[in-house]
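What follows is a short report on a single structure.
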Amino acid sequence: MKPALVAFGVMIAALGTAADGQDKPRAAVEHRTPYYRIVLAERGLLVEALDVDSLGQGRVGGNLLGGAAPQQARLESRAGRALYRLAQAVDPPAWEFLFAEKTITLVSRHVAGQQSPPVTLRFDQTQSHATVLGRMKPATLQVATPCLVHVPDHGTLRVTCDVPGQALHYDARRYAGRWVQAGFPPADGRHPTVTYTLEVAAFYPQAAGIAGDARYDGFRRNYLTIFQVNPRLGVLANNSSSDVAALCYHQYSEVARFAPPLADGLTCQDLVRMSLDRFLAGMKTYGQVGYTASYQGADTVFGNYPCNSSDSLPALLIAAGNYILATGDWDWAKANYAGLKAWAEDMLKTDRDGNGLIEYGLSGNSGSWKANWDRAQAQKTSPLRPANWWDTIGFGHEDAYSNALAYRALVLLAQVAERTGHAEDAQRFRAAARKLKAAYLPAFLNPKTGWLAGWRSADGKLHDYAFLFVNGAAITYGVVDRQQGCPIMTRLMNQLDRAGYTRFDLGLPGNLLPVRREDYVDLNTDVGGGKREDNADGFQIYENGGATPAHAFWTIEALYKVGLQDQAERILLPLLKGFAAGDFQGFGPNGKSKDWKDWKGNCWGYEGLLTDGYLALLAVVTRGELTRGMDWEP
């Protein structure tokens, strides 16, 4: 009862009362509870300020909004509620706001002869990268209720409506300002009264041993942050106003497997399936041929891939396999099996020499990237991109990271094929998985270091810069067995200590040794391209050894999986402090974003929020058992 009484007291202080005890109108209304703070504008219909705290700890002193214009209306306040009337109307009020400890209720009533404006929440992406999570149809900018408004590092509002099928208007831009906007349509003649309920809630799976432990608060607030829907494309993306990348979808699907339900009839798996449906229908993404700048009206970039990145199709197949096996949606599996098989066939066709490993269409040879860069500079375009997610590092030909994903994709797809009545396909996918696994260690294990190199180029050379994520993903997804993985991870942790890296609150470097200039794709200085041949002057900047939570999960999960729990928690617990502090979204004093930093903590990113980083939170739940229950030895 105490929090409710405190909140009510704040409400009375904010609204004020007359000497006779009656409510009196105020120029503006502020209401605050431990779960949220809302301010309604003095002039015109406008939510002027909003902050939320899903954990009810009172972290609501900021403002996540900015830039929306007030609509003509007159504000009144009464105990526990506020009213907006249109200029010439007395009753009914066009909008009514009702406040409780965890909920804000918006009631819209149709005013005959007048058009009521919507209530709009316009989030300022320089403050926070909000998103709306729910079902969307292509090219509508409409998201159906129930849905969520999720604000990274703050919390989540579950939105329900008493009108079945009612949708919010949802849009986001990063090149026309940085904003995300959710609009609540008003009542009309068809629905004379419409009620929306915004409930502050926290969405995270239960994990052993963390109850009451404040070190995991960042996990609790941010478990959903990896899910951001780009409204102009209607699929999961890097963030609400950023690019869509197929090569991220295995990560989304892994988190969705453990996520709790979001609302009646809405889960994170629905968001994965919604996106897969678009891709199966032909939509392209970053990392695939056909994805362009301003793709379908969104603020996208031109990736300049000569062929699909080696990790795009494996990632999509993992996402589909995870979705089917976790949900048991065999009707969807049967309806889409032909499309999934086509993806698998396209993936397997890239094994041009028949050794079992998928291959990228560029050689990955040292020195080949310099000519690529010079040509791009002369033509004033983007350079051709390499084989995987790490698109400024010269992964090419046989890529160890993408092949680890391809192995997992085949393991999952074989199970789907068998259970949908395609026994011959299942046998073929099992055989392909066995062949890939047999070829993997001989191809990528570096006898000089005792860990996996990043790629073997077409000229036969191994390219090894102590890639943590490559080794972690290979062990996590089982292409390297636990007993083989333990000495690999031990050697890498020793290399981590030799490199002197200790800032686990910033995440992890993707590589512990500088990527030589001859193996680096983008030679701009602000993305890790130095002037020296050893590229030591570009080291710790962006993908050239920069610290990031992105892909840190694979290292932590692999350490747990091989039994090095102390090493895993040496990284995970400080990283959780970074999440709790909100250190991975927004921009630093130098104008660069916080998703990438050098080892001293200076910012070198550009996205503002990169959802990949929040995969690391899954390690709190899985602790080395990500594939448990879905394991299968081909």
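Any read-out appearing in this document is the output of simple, stated calculations on the displayed coordinates, not a laboratory observation. All values reported here derive from a predicted model rather than from experimental measurement. Glycine gets a Cβ as well: all are built from the backbone with ideal geometry, and neighbour counts include every protein chain shown.
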| request: Give, in whole angstrom and from largest to smallest, the semi-axes √(5λ) of the equivalent ellipsoid of the range 102-258, with λ running over the eigenvalues of the Cα gyration tensor. | output: 29, 20, 14
| field | Positive dipole terminus of the chain, leading residue within L362, P306, S54 (C-beta point charges) | value | S54
| request: Fewest Cβ neighbours within 10 Å first, please rank V163, V194 accordingly. | output: V163, V194
| message | With the crude spin-label approximation of a point 7 Å out along Cα→Cβ, what separation in nm comes out for Q72 versus L441? | response | 7.6
| request: Could you list E199, E557, E418 in order of exposure, starting from the residue whose Cβ has the fewest other Cβ atoms within 10 Å? | output: E418, E199, E557
| field | Read-out Cα extents along the principal axes in Å, derived from the coordinates shown; its label in [x] 78, 53, 53; [y] 86, 54, 53; [z] 83, 62, 45 | value | [y]
| request: Mind jotting down the distance between the C-alpha centroids of the range 505-533 and the range 178-234, whole Å? | output: 36
| message | If the reach is capped at under 24 angstrom between alpha carbons, list the lysines near K334, excluding any in the same chain fewer than eight residues apart. | response | K137, K284, K349
| Which length gain, in nm to one decimal place, applies between W330 and A499 when the Cα-Cα distance is subtracted from 0.36 nm times their residue separation? | 56.0 nm
| Mind checking which lysines have their C-alpha under 25 Å from K594, skipping anything on the same chain fewer than 8 residues away? | K531, K577
| request: Treating only the Cβ atoms of Lys and Arg (+1) and Asp and Glu (-1) as charged, compute the dipole magnitude of the range 361-418 about its Cα centre; round to the nearest 20 debye. | output: 280
| query | What order, most packed first, do the peptides 488-495, 504-511 have when packing is the mean number of other Cβ atoms within 10 Å of each residue? | reply | 504-511, 488-495
| query | Of Q288, G528, W389, which is farthest on the positive side of the dipole of the chain, counting Cα position, with +1 on Lys and Arg Cβ, -1 on Asp and Glu Cβ, and the Cα centre as origin? | reply | G528
| request: Take each uninterrupted DSSP H stretch in the chain, measure its Cα extent along the helix axis, and return the ones at 24 Å or beyond whose mean Kyte-Doolittle hydropathy is at least -1.0. | output: 330-349, 400-419, 423-444, 482-499
| message | Distance between the C-alpha centers of the range 389-420 and the range 319-379? Whole Å please. | response | 7
| What nm distance separates the two modelled labels at D346 and T193, each placed 7 Å from Cα along Cα→Cβ? | 5.2
| C-alpha center-to-center spacing [the range 62-115, the range 285-318] in angstrom | 43
| remark: About its Cα centre, the chain carries a charge dipole, from +1 on Lys and Arg Cβ atoms and -1 on Asp and Glu Cβ atoms, whose size in debye to the nearest 20 is 320
| message | With the alpha-carbon atoms as the only input, what is the per residue convex hull volume for the range 2-201 in Å³? | response | 122
| remark: Per the charge dipole of the range 426-545 (beta-carbon charges, Lys/Arg positive, Asp/Glu negative, Cα centre), the residue among Q484, L513, F467 reaching farthest to the positive end is Q484
| field | Packing rank of 233-243, 372-382, where each peptide gets the mean count of other beta carbons within 10 Å, highest leading | value | 233-243, 372-382
| query | Rounded to the nearest 0.05, what FRET efficiency is calculated for T449 and A139 with R0 set to 41 Å and r the Cβ-Cβ distance? | reply | 0.25
| task | For K600, go through the aspartates and glutamates and keep the ones whose alpha-carbon is under 14 Å away, minus same-chain ones fewer than eight residues off. | result | D505, D583
| task | Please get the size of the charge dipole for the range 2-201, origin at its Cα centre, with Cβ charges of +1 on Lys and Arg and -1 on Asp and Glu, quoted in debye to the nearest 20. | result | 300
| request: Pop a pseudo-label 7 angstrom from the Cα along the beta-carbon direction at both V289 and E533 and give the gap in nm to one decimal. | output: 3.6
